[in-house]
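The values are calculated or read from the model by the stated rules, or taken from the named source; none is laboratory data. Since the structure is predicted, the reported quantities are computational estimates derived from the model, not experimental observations. With ideal geometry, Cβ positions are generated from the backbone for all residues, glycine too; neighbour counts draw on all protein chains shown.
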Amino acid sequence: MKCTDDCHTYELDTFMSGSGQFKKTDDCHESPRKDELHFYEMRPDGSKIDGVTNEEVIRVLLHRINYLNNVGGKFHCVENSRAFMYLEEALYQLNKRTKDREKRKVEGTHEP
């Protein structure tokens, strides 16, 4: 993983099929595919750039781990169950923060 700006855009390491290894984005050899993750950005001037949220990324991981651990069942293990539980807690805390910001009428602003 490599952050390419002020924590809004990331180049992700790609798992290379058949190699059992990750292809690092900062490696001297270029990977034919660069996976990028861009988060929603609200600039101080009020302009906005579309992107994903922390909550959405966590929901993707919850869905994937649930599938691998339970639906597909091929990778069921205690560690997956614990990771799922901690991700649920992280999502709960982020949603709680948003509700608190909405209640204080500062959601969608740069106010603390």
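Key figures
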item: Any hit, the range 7-25, residues being polar (S, T, N, Q), outside any loop (DSSP other than H, G, I, E, B), at pLDDT below 75 and exposed (fewer than 14 other Cβ atoms within 10 Å of the Cβ); result: yes
item: Per-region count, the range 30-56, residues within 21 Å of K96 (Cβ to Cβ) and outside any helix (DSSP H, G or I); result: 5
item: Cross-chain or 6+ apart pairs with Cβ under 6 Å, the range 98-109 first and outside the structural domain of G46 (by TED's automatic domain parsing), then part of a loop (DSSP other than H, G, I, E, B) and loosely packed, with under 12 Cβ neighbours inside 10 Å; result: none
item: Of all residues making up the range 71-103, the number that are within 20 Å of V57 (Cα to Cα) and not aliphatic (A, V, I, L, M); result: 15
item: Count - residues of the range 81-112 that are of a type outside the set (D, E, K, R) and in contact with a Ser or Thr (Cβ under 9 Å, 6 or more places away or on another chain); result: 1
item: Search result, residues across the range 37-52 that are in contact with a strand residue (DSSP E or B) (Cβ under 7 Å, 6 or more places away or on another chain) and hydroxyl-bearing (S, T, Y); result: Y40
item: Pair list, Cβ under 7 Å, 6 or more apart: the range 35-57 residue in contact (Cβ under 8 Å) with a residue 40 or more places away in the chain, other residue part of a strand (DSSP E or B); result: M42/K48; I49/E41; G51/H38; G51/F39; G51/E41
item: Answer from V57, V78, V106 - the residue that is surrounded by fewer than 11 Cβ atoms within 10 Å (Cβ to Cβ), modelled with pLDDT of 90 or more and on the phi < 0 side of the Ramachandran plot; result: V78
item: Residue satisfying all of: in the range 57-89; among the basic types (K, R) and assigned to a helix (DSSP H, G or I); farthest from H8 (Cα to Cα) among these; result: R82
